[in-house]
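Asker: There's a structure below that I have some questions on.
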Amino acid sequence: MTGSELRELLGRSPAECHRALMQEYGKYVYSIIFNKLRSCGTQEDIEECFSDVFADIFIKFEYDEKYVNDIKGYIGTVAKRTAIDRYRSLSAERAHAAFTDEEDMTELVSDFSVDERVDSSELRRILLRNIKELGEPDSTILIQKFYYNRRSSDIAKTVSMTASSVRSRCTRAMDKLRIKLAEAGITR
């Protein structure tokens with residue numbers, strides 16, 4: 001059945017035209033959709049896509065004259081594009097879905113504690129603030145020594161001091177820091 005014949009039938013009876021369109025091109029559309037969705041879709045997905053294709057075809061065919069000349073090509077294109085869109089949608093859903101068993105979940109139990117993590121980050125923030133309050137070069141010496149684990153001789157080059165001066169400054173800065181932290185309520 002050609003597009004012109006279908007158009008003429010549409011003028012007489014839209015329901016007859018839709019039936020004829022489904023009868024003539026139903027297997028063609030189904031095979032296109034099935035070939036695209038068989039690897040990721042269920043039978044329900046294939047049928048839903050089939051319905052979407054014919055709904056789109058009925059709407060366009062009824063209101064637009066340009067699809068009358070090559071109706072089979074138009075139907076094939078709509079079926080292919082709709083099936084590809086559905087394939088992408090189904091593939092994306094599958095990629096984000098997680099299927100777990102209760103037994104598997106027990107293996108994933110973590111020893112990560114949010115409360116401990118927050119407490120340690122708060123303690124770290126207070127510690128760094130108090131180190132910075134010591135001023136230069138004491139704050140640089142303490143950070144280089146205890147955060148970056150650098151030797152006194154390496155730190156001495158950075159702050160333009162001797163290694164023995166760095167060690168004595170470090171000792172005095174640690175004493176000052178202990179006092180500041182005790183005032184903040186932090187002890188060993």
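The values are calculated or read from the model by the stated rules, or taken from the named source; none is laboratory data. From a predicted model like this one, the values you see are computed outputs, not experimental measurements. Reconstructed Cβ throughout: ideal geometry from the backbone, glycine too, with neighbour counts over all protein chains shown. Please note that ligands, DNA and RNA were not included when accessible areas were found on the heavy atoms of the full protein model with its side chains. Shrake-Rupley method; radii C 1.70, N 1.55, O 1.52, S 1.80 Å.
Asker: Taking a cut-off of 28 Å between Cα atoms, list the lysines near LYS80, but don't count ones fewer than 8 places away on the same chain.
Answerer: In chain and number order, the partners are LYS27, LYS36, LYS60, LYS66, LYS72.
Asker: How much accessible surface area, in Å² rounded to 10, belongs to the heavy atoms of THR42 with a 1.4 Å probe?
Answerer: Its accessible surface works out to 70 Å², give or take rounding.
Asker: Further question: Using label points projected 7 Å from each Cα along Cα→Cβ, tell me how many nm separate PHE146 and ILE126, to one decimal.
Answerer: Each label point lies 7 Å from its Cα, and together they span 1.4 nm.
Asker: Once the piece of chain linking THR162 and ASP70 is laid out straight, how much longer is it, given 0.36 nm per residue of separation minus the C-alpha distance between them?
Answerer: Details: separation 92, 0.36 × 92 = 33.12 nm, distance 8.94 nm.
Length gained, THR162 through ASP70: 24.2 nm.
Asker: How many nm is it between the label spots at ILE59 and ALA15, if each spot is 7 Å from the Cα in line with the beta carbon?
Answerer: Using points 7 Å along Cα→Cβ, the separation is 2.3 nm.
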